[in-house]
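Rule-based calculations on the coordinates, nothing more; no lab input. Note that this is a predicted model, so its numbers are computed, not measured. Virtual Cβ from ideal backbone geometry, glycine too; neighbours counted across all protein chains shown.
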Amino acid sequence: MKVLIIEDEIQLARSISQSLTHEGYVCELATTAAEAREKIPMFEYDCVLLDIGLPDGNGLKVLEELKSKKKTDGVIIISAKSSLDDKVKGLNLGADDYLSKPFFMPELIARVSAIIRRKRFDGNNKVAFQEIIVDFAAKSAYVNHTKLELTRMEYYLLVFLLANKNRVVSKHAIAEHLSGDNADLLDKFDFIYSHMKNLKKKLAEAGSGDYIRTVYGLGYKLSI
Amino acid sequence: MRLLQLNLRSLLLYSLVLVLISIPLSLFSIRLILNKEVDESITEQSDQFLEHIKGFEYLDDLETDLKVLDQLSSNIDIKPSVEQFIPKRYETVILYDSVENEQKPFRQLSSSVDIKGKSYILTVRMSLVENDELVIAIGSVQVAISIMLTIGLLLLNRSLSKKLWKPFYKTLDQLKAYELDKNESIPVEKSDVIEFDDLNKTVSSLTKRNREVFLQQKEFIENASHELQTPIAIFQSKLDELMQSPALARREAQTIMELEATAQRMARLNKNLLLLSKIENEQFLNTENIDLSHLINSQLSVLKPMAQLENINIVTSIQSVHLKTNPTLIEVLLTNLFHNAIRYSPKNEEIRISLNDHTLIVSNKGRPLKMDVSKMTNRFAKESTDASSTGLGLAIVRKICDRYSYDLRYAYADQSHNFTINF
């Protein structure tokens, strides 16, 4: 799975690349619009991460070109502006998602994985991790074909961890993912702990192995 | 007192003093001139009389004639003189006029004359009555003029203050109504007066300059907030990298979490600052018809379970209220108010939210505020040291309320903080 990262901040681009590579994606970097234009026709990308504030021109122009070439890449706009206008413009031009800086890395990874999933499987898709299977179309999860009775929060939590498998996901990132703007309101630790406890319990009751590890002080990690 | 009245007062005072001084002065000088005229006239009469007498030398009985003359004419006296010579004397005398039966002023010239070797005193006089009437007439004209002057000046002043000062008062009204954050600069209005033109130009360029500086400041805040987003993003991504390190000790993990919490706080602060400056920069202009109750209920469906974690119960009484407003801003307003209530509510207490008749009331229990209530909605006004509070929430609420002229009020009663908004 190939991802093109168009981002002028080299430090950020490297971090994104490193994290996505760790999750099994192949990453290409472009730090200018010109470089991006060069790289776009060279490969078929599954996902393009596009910073719209590029030094040599607006990223939205690059998006227009991308879309005019009828490439099927899923495009996620990354913007420091977080302006509604840019978001609407971007989505109207055919971007698939919009993420404003600053963001949590697990959030970006989850978005990339969701985009690729949608592009590859036309929305009718399943992802498996050992005996756990998530059916995205039905918004439900199974362990060894036993359906889990998950709450909305527990389902999203599981999907989030699956997208970030084999990496530590911080409690802050989970809280923000689950509650968005309301994240600052909660005692994250209690809030996440209760959902996590229930999810693990339901997984265990359905006969799943204990794959979600608590990483002391930081958060959680889904791995074999 | 108005400038023009002040101006008029001095002007009027000066004119009146001048007129009042001029009345006796002109009376005096007219009288002086008239007396001189009269003196000349009686001198001439006296000379002519003597001339005539000389022509009558052939008359035999001059003495008798002169006696007759003395008695016939009231204006000429001629009497034999005892003294040899008296010098010419002009004087004003009051004499009895038997015809009109009253005392009248006369001007008379007395002189010694020598007729046929005999010495006489010749007195020629002239009535001054007509002159007095003249003086009175002139005096009344002056009084009339001074009255007309006063009335005229007052009337002129009234119409002038309306007409002449119109551009000035217009500019003044514009300045009074001027709000830096709402109005453009004040446009230059052409007037017929150089001073007002100058004033208008100055006011216009002043407001224009202020507006520019203000816009630059606003833009700066927005740009600065934007520019900060990327470094915070880098910071967060590096923390995430660190987190993936397999050999983290507990203390290191603890530090990383604290750093991440701080980064998030920076991000939130920045986001709120950006939101504030966006509201100020009027980037939320579109309005829609919104049922406030739907918005409130959908927000509370998310917030209620969260508040429940702290055992805070949210009690609602919501009626349908329609509002034409910006959907994003009204959502931000509600979120901030509700967050504020949840954040500061003690555990195991109730939060009451009611909406009816265009009035939203949000109240939560708590101790009275230590800070000045009027400063509560200022930026960065914080009561707690809670790291998750940016101190901008209520400032944003205030800004949105100001933007749409909603009436935001705060009151503390029955150990409750009550926020009321009249839409």
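For the range B:3-156, the number of Lys pairs with C-alpha atoms closer than 22 Å, counting only pairs eight or more positions apart or on separate chains, is 16. Normalising the average separation of contacting C-alpha pairs (under 8 angstrom, six or more residues apart) by the number of residues puts the relative contact order of chain B at 9 percent. The loop-placed GluC sites (Glu not before Pro) in the range A:1-85, going by DSSP, that have at most 15 neighbouring Cβ atoms within 10 Å of their Cβ come out as A:GLU44.
Take the Cα of B:ILE145, step 7 Å toward its Cβ, do the same at A:SER140, and the gap between the two points is 11.3 nm. Applied to the range B:324-332, the Karplus parametrisation 6.51 cos²θ - 1.76 cosθ + 1.60 on θ = phi - 60° returns per-residue 3J(HN,Hα) values of 9, 7, 7, x, 5, 5, 5, 5, 4 Hz, with x for Gly and Pro.
Against chain B, whose longest principal axis comes from its Cα atoms, helix B:3-55 is set at around 10 degrees.
Calculated [222 nm] ellipticity per residue, helices only, for chain B: -20000 deg cm²/dmol; basis is -39500 (n - 2.57) per DSSP H run with n ≥ 4, divided by all residues, nearest 500. Placing unit charges on the Cβ atoms of the charged side chains and taking the dipole of chain B about its Cα centre, the candidate lying farthest along the positive direction among B:SER26, B:SER384, B:ALA261 is B:ALA261. Report the trypsin sites (Lys or Arg not before Pro) located in the range B:166-267 that are in a DSSP loop and have at most 10 other Cβ atoms inside 10 Å of their Cβ, or state none. Of the trypsin sites (Lys or Arg not before Pro), the ones in loops of the range B:166-267 whose Cβ has at most 10 other Cβ atoms within 10 Å are B:LYS182, B:LYS190. When the listed pairs A:LYS39/A:LYS126; B:LYS304/B:LYS347; A:LYS69/A:LYS119; A:LYS221/B:LYS271 are checked against a 24 Å cut-off, the alpha-carbon distance exceeds it for A:LYS39/A:LYS126; A:LYS221/B:LYS271. Rounded to whole numbers, the Karplus 3J(HN,Hα) couplings from phi for the range B:411-421 are 9, 10, 8, 6, 6, 10, 8, 10, 9, 10, 10 Hz, using 6.51 cos²θ - 1.76 cosθ + 1.60 with θ = phi - 60°, and x at Gly and Pro. Among the trypsin sites (Lys or Arg not before Pro) found in the range B:96-127, those both in a DSSP coil and sparsely packed, with 15 or fewer other Cβ atoms within 10 Å of their Cβ, are B:LYS116.
Taking 0.36 nm per residue of sequence separation and removing the Cα-Cα distance, the B:SER41/B:LYS166 pair yields an extension gain of 38.9 nm. The charge dipole of the range B:285-422, taken about the Cα centre with unit charges on the Cβ atoms of Lys, Arg (+1) and Asp, Glu (-1), comes to about 380 debye, rounded to the nearest 20. Computed from phi, the 3J(HN,Hα) profile of the range B:163-168 under the Karplus parametrisation 6.51, -1.76, 1.60 (θ = phi - 60°) reads 7, 4, 8, 3, x, 5 Hz, with x in place of Gly and Pro.
Per-residue ellipticity at 222 nm, computed for chain A from helices alone with -39500 (n - 2.57) per DSSP H run of at least four residues, works out to -13000 deg cm²/dmol.
Taking 18 Å as the cut-off for C-alpha to C-alpha distance, list the pairs among B:LYS176/B:LYS208; A:LYS2/A:LYS61; B:LYS182/B:LYS382 that go past it. The pairs that break the limit, which is 18 Å between Cα atoms, are A:LYS2/A:LYS61; B:LYS182/B:LYS382. If R₀ is 51 angstrom, what is the calculated FRET efficiency for the pair B:ASN378 and A:SER68, using the beta carbon separation as r and rounding to 0.05? Between B:ASN378 and A:SER68 the formula returns 0.55. Its relative contact order, with pairs defined as Cα atoms under 8 Å and 6+ residues apart, puts the range A:2-121 at 23 percent.
Put the Cα centre of the range B:183-240 next to the Cα centre of the range B:311-362 and the gap is 35 Å.
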